[in-house]
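**Q** Input: one structure, supplied below.
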Amino acid sequence: MKLNKRIINCFEQKKRAAFVTFITAGDQDYEKSLTLINSLPKAGADIIELGMPFTDPIADGEIIQKSTQRSLKTGQNQKKTLELVKAFRLFNKKTPIILMGYYNPIYRYGIKKFIKDAKNAQIDGLIIVDLPPEHAQEVSVPANKQGIDFINIITPNTNIKRIPFIVKNSSGYIYYISINGVTGGSVPIFYEVEKAVKLIRKYTNLPIAVGFGVKNRNSVKKLANISDAVVVGSALLKQIEIHCYDQKTAISNVLNLTSRLSRGLVKI
């Protein structure tokens, strides 16, 4: 297994929890999406999870579903998403990019071709929401051979007996979903998240990122003291939804919120 150096460096160089931002590729349009992604690292994003638009995002709440619909209406697809990352890499060689989404678009693209093109685009990791580890080898094995981490998900409903298998077949980091339900839902119950993270740490040395339901600086601050990274998505995309007819304001508000939230990541 080839380990991805950008992800390793990101966590090794941080004296605080890493800030992970989720943005849907092509939201607003390709150019505005690229402008936003290019600007996120300076605003405080340590890792960018880039959503691959799909017509049936079953794990996503209303905010990300609307973001996906806006993206698809502009003609965004897998090819354009990879081109978006290539364009980003012309200016940024440091920030890890994780493609997050569903298996169907990857399968339709062609798994071998997708992995090859993802490597050429300098993708650092994959999160495939609806592909459990037991059935992920046709993607995870070739991805790992190309230095692309395969990041698995653990949820509050994951059977404890499955955790060793999940972490064994993971690389990069573990994504712990802090709430039951879809993205943008209720606020995490922090003592339950802390208990779950401690349990996962018994089985792996991989960093643990926590996401879903993270909406404000208070939540970010509390989770930063529990985990190795905090993921925020819906709260950022809500700014695009609110200001969808004023794209400059939308981008500005996303970056301002990113900056405010990232300042809450210092561990106590």
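**Q** Would you check if residue 36 is of a type outside the set (Lys, Arg), over 15 Å from the mean Cα position of the chain (by Cα), more than 24 Å from residue 220 (Cβ to Cβ) and part of a helix (DSSP H, G or I)?
**A** Numbers: of a type outside the set (Lys, Arg): yes; over 15 Å from the mean Cα position of the chain (by Cα): yes; more than 24 Å from residue 220 (Cβ to Cβ): no; part of a helix (DSSP H, G or I): yes.
Judged against the criteria, residue 36 is not a match.
**Q** Another question, if that's okay. Can you report the number of residues in region 58-73 which are touching a helix residue (DSSP H, G or I) at 6+ places or on another chain (Cβ under 9 Å) and touching a residue at least 60 places away in the same chain (Cβ under 8 Å)? Let's see the steps before the verdict.
**A** To start, the set of residues in region 58-73 that are touching a helix residue (DSSP H, G or I) at 6+ places or on another chain (Cβ under 9 Å) comprises 60-64, 66-67, 70-71.
Now narrow it down to the ones that are touching a residue at least 60 places away in the same chain (Cβ under 8 Å): 60-64, 66-67, 70.
Looking only at that region, the number is 8.
**Q** Let me ask something additional. I'd like to know if region 174-184 contains one or more residues that are under 30 Å from residue 139 (Cα atoms), assigned to a loop (DSSP other than H, G, I, E, B), modelled with pLDDT of 95 or more and out of contact with any Cys (no Cβ under 8 Å at 6 or more places or on another chain).
**A** Kept after step one, since they are under 30 Å from residue 139 (Cα atoms), are these residues of region 174-184: 174-184.
Filter once more, so that each one left must be assigned to a loop (DSSP other than H, G, I, E, B): 178-184.
Keeping just the survivors that are modelled with pLDDT of 95 or more gives none.
There is no residue in region 174-184 that is under 30 Å from residue 139 (Cα atoms), assigned to a loop (DSSP other than H, G, I, E, B), modelled with pLDDT of 95 or more and out of contact with any Cys (no Cβ under 8 Å at 6 or more places or on another chain).
**Q** Scan 25, 43, 59, 17 and give me the residue that is buried (at least 20 other Cβ atoms within 10 Å of the Cβ) and out of contact with any Gly (no Cβ under 8 Å at 6 or more places or on another chain). Write out each step before concluding.
**A** Working: 25 fails: out of contact with any Gly (no Cβ under 8 Å at 6 or more places or on another chain); 43 fails: buried (at least 20 other Cβ atoms within 10 Å of the Cβ); 59 fails: buried (at least 20 other Cβ atoms within 10 Å of the Cβ).
17 is the lone residue from the list that is buried (at least 20 other Cβ atoms within 10 Å of the Cβ) and out of contact with any Gly (no Cβ under 8 Å at 6 or more places or on another chain).
**Q** Please go through region 214-235 and pick out each residue that is in contact with a strand residue (DSSP E or B) (Cβ under 9 Å, 6 or more places away or on another chain), in a loop (DSSP other than H, G, I, E, B) and of a type outside the set (Val, Ile, Thr).
**A** Those that are in contact with a strand residue (DSSP E or B) (Cβ under 9 Å, 6 or more places away or on another chain), in a loop (DSSP other than H, G, I, E, B) and of a type outside the set (Val, Ile, Thr): 215, 227, 228, 233.
**Q** Additional query: Any residue in region 20-42 that's farther than 17 Å from residue 64 by Cα and at pLDDT 95 or above: show its pairings with residues that are of a type in the set (S, T, N, Q) and outside any loop (DSSP other than H, G, I, E, B) at Cβ separation under 8 Å, as long as the two are six or more apart or on different chains.
**A** Here the result reads 40/21; 40/258, each pair linking region 20-42 to a residue that is of a type in the set (S, T, N, Q) and outside any loop (DSSP other than H, G, I, E, B).
**Q** Do we find a residue being over 20 Å from residue 139 (Cα atoms), modelled with pLDDT under 95 and more than 17 Å from the chain's Cα centre (by Cα) anywhere in region 83-91?
**A** Applying the first criterion (over 20 Å from residue 139 (Cα atoms)) to region 83-91 yields 83-84, 86-91.
This time we only want the ones that are modelled with pLDDT under 95, so: 91.
Filter once more, keeping what is more than 17 Å from the chain's Cα centre (by Cα): 91.
Scanning region 83-91, I find at least one residue that is over 20 Å from residue 139 (Cα atoms), modelled with pLDDT under 95 and more than 17 Å from the chain's Cα centre (by Cα), so the answer is yes.
**Q** Quick check on region 193-213: of everything there that is touching a residue at least 40 places away in the same chain (Cβ under 8 Å) and assigned to a helix (DSSP H, G or I), which residue is surrounded by the most Cβ atoms within 10 Å (Cβ to Cβ)? If you could, list the steps in order and put the result at the bottom.
**A** Of all residues in region 193-213, those touching a residue at least 40 places away in the same chain (Cβ under 8 Å) come to 196, 200, 203, 207, 209, 211.
Now drop any that are not assigned to a helix (DSSP H, G or I), which leaves 196, 200.
Details: 196: 24, 200: 19.
Looking at residues that are touching a residue at least 40 places away in the same chain (Cβ under 8 Å) and assigned to a helix (DSSP H, G or I), I get 196.
**Q** Which number in (1) crowded, with 20+ Cβ neighbours inside 10 Å; (2) under 26 Å from residue 71 (Cα atoms); (3) modelled with pLDDT of 90 or more marks the one condition that residue 223 misses?
**A** It fails just one condition, (2).
**Q** If residue 67 satisfies every condition in (1) surrounded by fewer than 23 Cβ atoms within 10 Å (Cβ to Cβ); (2) small (Gly, Ala, Ser); (3) within 16 Å of the chain's Cα centre (by Cα); (4) part of a helix (DSSP H, G or I) but one, which is the exception?
**A** All conditions pass for residue 67, except number (1).
The values are calculated or read from the model by the stated rules, or taken from the named source; none is laboratory data. None of these values were measured; they are calculated from a predicted model. Cβ: placed from backbone, ideal geometry, glycine included. Neighbour counts: every protein chain shown.
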